[in-house]
Structure formats: structure tokens, C-alpha cells
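Q: Have a look at this one before I ask anything.
The values are calculated or read from the model by the stated rules, or taken from the named source; none is laboratory data. Keep in mind that what you see is a predicted model, and the values were worked out from it rather than measured. Here the Cβ positions follow ideal geometry from the backbone for every residue, glycine too, while neighbour counts run over all protein chains shown. Accessible surface is based on the protein model in full, side chains and every heavy atom, while ligands, DNA and RNA are left aside. Shrake-Rupley method; radii C 1.70, N 1.55, O 1.52, S 1.80 Å.
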Amino acid sequence: MLVALLGATAAQAGEKRDLIIDSDPGADDVVALLLALASPEELNVLAITTVAGNVRLDKTSRNARLAREWAGREEVPVYAGAPKPLVRTPIYAEDIHGREGLPGVTVHEPSKALADGSAVDYLIRTLNNAPPHSITLALLGPETNLALALIQAPEITRGIKEVVIMGGAHFNGGNITPVAEFNMFADPHAAQVVLASGVKLTYLPLDVTHKILTSESRLKQIDALNNQAGKLVSDILNEYIKADMVQYGLPGGPVHDASVIAYLLKPELFSGRQVNVAIDSREGLTFGQTVVDWYDTLKHDKNALWIENGDAQGFFDLLTERLGRLK
Ligand code: BDR
Ligand code: CA
């Protein structure tokens, strides 16, 4: 049976969530970062860690610093992490995100530099020093950084409250092969390490992100904010959605990664099911495919919450309202 997620919002419960966002910005990653950084009442963003994915690491790291600059949150440190996946040859998504990884806007070198040290060391240090089960991780790109941290220091799981991941596809089919979603395909071996870690996992796969689509009126409501953040997001999205609308014949485009942040802010907008998830990391046609036992056929341990549905208008109302809080 589908579980509607009716938990009180974090703000209602009066508690702030300590959050590390691991990301490969990326158009939808930047929207996710702006949404998170505009929500300090619920989310205490400890750091942004970057990984190669949509574009090379130097560009994802610059784009993460741009997002924090645009959000007026330069106190949030950005640590650069893995420049390539654990095992496979690197792939990028410049066809979707543009050469700079940010379509529709002009990029510049942000004034504030990266934090010293690597993202993987930061994750190990921070999770080892944290109270038990206190830190949430939002993974918005290939899962290489967390996998490396888990391999080097498996005890870090103690500091983790939960990991919320944009990745995978079951009912929807893939977006980089017929069955694989980009983040999983870009580093399936890393995804396997995270899946085996035993921490609480939630996936927001293409099954849900392809149901939360832009429309003319949703983009207009963002543009009508008339502030810098609204203008940036509407410029980015107007360009970013084009390829997906053509490829899938959709009436609007998905904003994948921002759904992870929306889920953390308002889980009641989403529903899903506890399932067993595995990933195929063998060479071949199904490389990177998430195998989801939706009907519990194998009776294996249920290792993840698989989000399958979401309130699209609720998502865009939340995004618009939060972007309205930025300059
Ligand atoms: C995922 O792949 C990337 O291109 C996006 O940023 C998102 O994280 C969607 O499949
Ligand atoms: Ca991403």
C-alpha cells in the first residue's frame, strides 16, 4: 500500500534539520540549492559538497559557489570532492545542462573561494564528530563522495540520520539509457556502496520527478516574484526544460533535484512505499538500472523508501514562496 507522508513539517515540529547537500550543479541542482538556502528556519545547511557529474568538478564547484552567492549565503562552506566515479569512465550531461552546467544564465567566477580540504575528508570528520544519527545528507548527483567516505570510514554511518537521494527509475524508465537514470548510471558502484551501508535511505526517482512538471503558469509565478532569484530560476528553467519536453513529449519539464529539498521541507507533499532496491553495476544493457521490488516478490529486506508520487502544484507553490524570500 502507498504510504502518504503526513509527518508534521520540521518547522511545525520546531526543529531544524542539520543538512549536508552533495551536488553536481547542474540546472536543477542550483534550483535545489536556492530552495534549501532560502529555508533557514527548517534547514541548517552545514556545507555543500560537490562532485563531478553534469559537468566537470571545477565547474560544478563554481556553480555551487554561484548558488550560495545568489542566495546571499556565503557563510555556507563549499568543499570540492571526487573528480571522477569510483570505477567507470566519467560521463557528463552537457547536452542537457550546457557547457558551463548552467543553461539560460551567464556565469562568473564567484568572489568567495572553496573551503580548504576535500569533501570526502569533510564528510568523515563531520559525521564522526556529530551526535548519533543527527545529520541528514541530500545527494543530488552521482554518489561518489559518500561512497568514498563510507569505504574509508564505515563508522560514519553512526552520525547519519538519513540520506535522501535524487536518483533511479522504476515505473518511468530511464533518462540516460532505456532503464537507467543519470545519477545512478554515472556511478552505479558508488550507489551500491550507499545501498549496502544500512543507513535510512529515501529515493526521489524519475517516477516522481517526471510528475512534477513546469507549466507556463508555474514559471510565470516564479518570474513574477521580480527579484534576482526568481529571474535566475525562470531563466534557467525556461532553457533547461526544453530537451526533456522534446525527448519525452511532456507538457513541461522536471526540476528533479529540487524535489529532494521539497521532500525535506514538506514530506506531506509526497507518497511512496518501503521496498527493496538493488542496482545493476555489471557491464551490459541494464548497467545503472535500479531494480525495485515494488510488490515484495523476493521478500528481501526493505532497504529504502521509494517515492512514487508528489503534489506538483504544492511543489511549485513552495518553491515560489521560498524564492520570494531571497534577494
Ligand atoms: C539527475 O541527473 C542530473 O542531470 C540532474 O541534475 C539530476 O540530478 C536527473 O536524472
Ligand atoms: Ca544533479
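Q: In terms of the ratio Rg/(2.2 N^0.38 Å) built on C-alpha atoms, what value belongs to the stretch 239-302?
A: It is 1.49.
Q: Continuing with the same structure: If the chain between Ser217 and Leu250 were fully stretched, how many nm would it gain, using 0.36 nm times the residue separation less the Cα-Cα distance?
A: Once the chain is fully extended between Ser217 and Leu250, it gains 10.3 nm.
Q: If I build a Gaussian network model for the chain, linking alpha-carbon pairs within less than 10 angstrom, which residue out of Gly98, Gly174, Gly284 has the largest mean-square fluctuation?
A: Of Gly98, Gly174, Gly284, the Gaussian network model singles out Gly284 as fluctuating most.
Q: Here is a further query. Can you spot the lysines whose alpha carbon is less than 20 Å from Lys16's alpha carbon? Ignore those fewer than 8 places along the same chain.
A: Cα-Cα hits under 20 Å: Lys161, Lys200, Lys266.
Q: Write down the Å³ per residue value for the convex hull defined by the alpha carbon atoms of the stretch 43-148.
A: Once divided by residue count, the hull of the stretch 43-148 is 111 Å³.
Q: Here is a further query. Which stretch or stretches of the stretch 157-188 have amide N atoms under 11 Å from the point lying 7 Å from Asp296's Cα along the Cα→Cβ direction?
A: none
Q: Based only on Cα atoms, what Rg/Rh ratio does the stretch 193-327 have, Rh being taken as Kirkwood's radius? Don't jump to the answer; show the numbers that get you there.
A: Values: Rg = 17.1 Å, Rh = 16.5 Å.
Rounded to two decimals, Rg/Rh equals 1.04.
Q: How much accessible surface does Lys302 have with a 1.4 Å probe, in Å² rounded to 10?
A: Rounded to the nearest 10, that gives 110 Å².
Q: Using the Kirkwood radius over Cα pairs, work out the Stokes-Einstein diffusion coefficient for the chain at 20 °C and 1.002 mPa s, in µm²/s as a whole number.
A: Details: Rh = 19.3 Å.
The diffusion coefficient I find is 111 µm²/s.
Q: Would you list, by chain and number, the aspartates and glutamates whose Cα falls below 16 Å from the Cα of Lys302, excluding same-chain residues fewer than 8 positions away?
A: Cα-Cα hits under 16 Å: Glu162, Asp293.
Q: Same structure, new question: Report Rg/Rh for the stretch 110-199, rounded to two decimals, where Rg is the Cα radius of gyration and Rh the Kirkwood radius. Display every interim value, and only then the final one.
A: Details: Rg = 14.5 Å, Rh = 14.1 Å.
That ratio equals 1.03.
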